[in-house]
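Colleague: For reference, the structure I am asking about is given below.
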Amino acid sequence: MWFGPRPRVNIMDPELVKEVLSNHFHYKKPQTNPLAKLLATGLLDLEGEQWAKRRKIINPAFHMEKLKDMLPAFDLSCSEMISKLEKMVSAEGSREVDVWPYLQTLTSDAISRTAFGSNYEEGRRIFQLQREQIEHTIKAVTSVYIPGWR
């Protein structure tokens with residue numbers, strides 16, 4: 001697929017994703033906007049030894065036993081979202097629903113329950129601020145280009 005003037009490869013096959021993640025030194029990530037590197041550097045942006053070090057640090061959080069312990073929180077978050085949608089649809093019968101805001105809330109709620117032991121409603125303001133920060137960052141990264149930085 002083309003992303004502007006540059007070709008990109010999207011991998012959807014789980015076995016190929018596993019291959020790329022297991023042999024990360026053989027695959028290079030595309031260059032990003034230099035301003036993005038100043039604003040946010042996470043696991044997705046890192047390469048080589050830095051990537052391996054960060055991945056090693058966060059890997060225990062995604063151990064199968066820890067994920068199994070999170071299932072009740074995921075279930076509760078999903079059940080609450082489904083209840084809201086069922087009430088909305090049962091009141092009006094069949095209708096079209098924009099599920100994006102519900103999926104955002106579901107994700108935030110699951111993170112809140114598993115990481116902080118509270119629900120989304122208790123941390124709503126923090127998630128709103130994070131969303132605003134992301135929007136500002138995306139706007140800055142997509143609108144500013146300093147020649148010679150690539």
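The values are calculated or read from the model by the stated rules, or taken from the named source; none is laboratory data. All of these numbers come straight from a predicted model, not from anything done at the bench. For neighbour counting, all protein chains shown are included, and Cβ atoms are generated from backbone atoms with ideal geometry for every residue, glycine included. The area values use the complete protein model at the heavy-atom level, side chains included, leaving out ligands, DNA and RNA. Shrake-Rupley method; radii C 1.70, N 1.55, O 1.52, S 1.80 Å.
Colleague: Can you pull out the residues in the stretch 54-70 that are more than 14 Å from Ile111 (Cβ to Cβ) and surrounded by 13 or more Cβ atoms within 10 Å (Cβ to Cβ)?
Modeller: Within the stretch 54-70, Arg54, Arg55 qualify.
Colleague: Any idea which residue in the stretch 71-104 is nearest to Ala61 (Cα to Cα), counting only those that are open to solvent by less than 40 Å² (accessible area, probe 1.4 Å) and either in contact with a Cys (Cβ under 9 Å, 6 or more places away or on another chain) or in contact (Cβ under 8 Å) with a residue 24 or more places away in the chain (or both)?
Modeller: Within the stretch 71-104, the match that is nearest to Ala61 (Cα to Cα) is Ala73.
Colleague: Return the residue satisfying two criteria in turn: it lies in the stretch 75-97 and is modelled with pLDDT under 85, assigned to a helix (DSSP H, G or I) and of a type outside the set (A, V, I, L, M), and of such residues it is nearest to Asn119 (Cα to Cα).
Modeller: So, considering only residues that are modelled with pLDDT under 85, assigned to a helix (DSSP H, G or I) and of a type outside the set (A, V, I, L, M), the one nearest to Asn119 (Cα to Cα) is Ser90.
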